[in-house]
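**Student:** Below are the structure tokens for one structure; questions will follow.
The values are calculated or read from the model by the stated rules, or taken from the named source; none is laboratory data. Keep in mind it's a predicted model, so treat the numbers as computed, not measured. Here the Cβ positions follow ideal geometry from the backbone for every residue, glycine too, while neighbour counts run over all protein chains shown. Keep in mind that these areas ignore ligands, DNA and RNA; they rest on the heavy atoms of the full protein, side chains included. Shrake-Rupley method; radii C 1.70, N 1.55, O 1.52, S 1.80 Å.
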Amino acid sequence: MTATTDFSAPYPTLEQLRATEDRLRGRVLETPVWRWQTGIVEQALSPDTEVWLKLELFQRTGSFKLRGALNNIAAMDVDALSRGVVAASAGNHAVAVAYAARVSGTNAVLCMPRTASPVRIAACEAEGATVRLTDSIHEAFALANRLVEEERRTMLHPFDGARTAEGTGTVGLELMRQVPKLDAVVVPVGGGGLCAGIAAAVKQQNPECQVFGIEPYGADAMYRSFREGAPAKLDRVDTIADSLGAPYALPYSFGVCRRFVDEIVRVWDEELCRAMAHLHRDMKLVAEPAAAAATAALLGPLRARLDGKRVALIVCGTNIDAARHAEWVARGSAAE
């Protein structure tokens, strides 16, 4: 689904993104890029194609989420820090908030669905956070909102807001320095915070570079939002990519994505599994399903359009237990 430009919506400027990068320097890692030249890329794409992986799964806490979490906490005053933070998340954002709270001298309560990976829950508790389990992600958000009212905690939203987009935009700043003259950047989309920030950084430096956001069919709130022209809400989320399972889009991230993202493209869970298998076999990466979304799109619905291009794929996270990873890689290998 293609964007309709809205020039009235707020967005992070290059000046704000660069100030955020300065603010976060030394607190987050500048993650590497690596060119994929073997296996499926060599077999399925033309020799002229350059595929670059932005390896944000090597970030502290195992995903890009730390950038937004730290940037949001940096804006809190002393009184707010003393009351603590709260977040609702299926995992990666929760892990990032737990770590960010600890290193920033505050405390965190994390509202997580019971279906969240035990690895992620354990990682949050290891950072000293309090974990509150709920029956669904909808209930997790409801509980987090209650704690904002009852305990006056600061909500650290997993994907919406200016501070979050400024944080994720630093991924785009790094990428544009590391791999100049890109033809396209392909970004996984959950609630849109990562895609919004990266797209803002990319398009303000190279307007000719295409930005594609990738969602699973079972969690396509941003696709529907583009189609409807306003943030959409899902009745049900059904995908193996729990990190992309945002139940709705929200105004800020939607507005930034609509301004800077060329198109939202959807992939099936089977395509995510195959992409996980390729990333594991060819690149030796333990990518969770969300982190395989950009690869799935390149090898699936975007293959013809990006063949022969200089393309960057955002590999956004790796917080997955070994048994689940092995299960889905085997499923992907069997489907080839």
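**Student:** Please give me, ordered by residue number, the trypsin sites (Lys or Arg not before Pro) of region 245-325 that lie in loop per DSSP and have at most 12 other Cβ atoms within 10 Å.
**Tutor:** Hits after loop and neighbour filter: 284.
**Student:** Order of 41-47, 287-293, 106-112, 237-243 by packing, highest average Cβ count within 10 Å first?
**Tutor:** Result, highest mean first: 287-293, 106-112, 237-243, 41-47.
**Student:** Still on this structure: With just the Cα atoms of region 125-256, tell me how far they stretch along each of the three principal axes, in Å, largest first.
**Tutor:** Principal extents (largest minus smallest coordinate, Cα): 48, 33, 25 Å.
**Student:** Ordered by packing density, taken as the mean number of other Cβ atoms within 10 Å over each peptide's residues, highest first, how do 244-250, 179-185 rank?
**Tutor:** Most protected by this proxy first, the peptides run 244-250, 179-185.
**Student:** When every alpha-carbon pair in the chain is counted, what percent end up more than 32 Å apart?
**Tutor:** Summing the P(r) of the chain above 32 Å gives 21 percent of all pairs.
**Student:** Based on the mean of other Cβ atoms within 10 Å per residue, sort peptides 83-95, 54-66, 119-131 so the most packed one is first.
**Tutor:** 83-95, 54-66, 119-131
**Student:** On to the next question. Ignoring ligands, DNA and RNA, what accessible area per residue does the chain give at 1.4 Å, in Å²?
**Tutor:** 39
**Student:** Which whole-angstrom value gives the distance between the alpha carbon centres of region 191-223 and region 271-310?
**Tutor:** 16
**Student:** Provide, as a two-decimal number, the C-alpha radius of gyration of region 181-295 over 2.2 N^0.38 Å, N being how many residues it has.
**Tutor:** Here the Cα radius of gyration is 1.03 times the empirical estimate.
**Student:** Give the accessible area for residue 252 in Å² (nearest 10); use a 1.4 Å probe, count only protein heavy atoms, and leave out ligands, DNA and RNA.
**Tutor:** Residue 252 has an accessible surface of roughly 40 Å² with all protein chains in place.
**Student:** Also, quick follow-up: How large is Rg/Rh for region 1-90, to two decimals, with Cα atoms and a Kirkwood Rh?
**Tutor:** Ratio of gyration radius to Kirkwood radius for region 1-90: 1.09.
**Student:** Could you check how many percent of all C-alpha pairs in region 195-249 are farther apart than 14 Å?
**Tutor:** 58
**Student:** Taking just the C-alpha trace of region 157-234, give me its Rg and Dmax in Å.
**Tutor:** 12.7, 37
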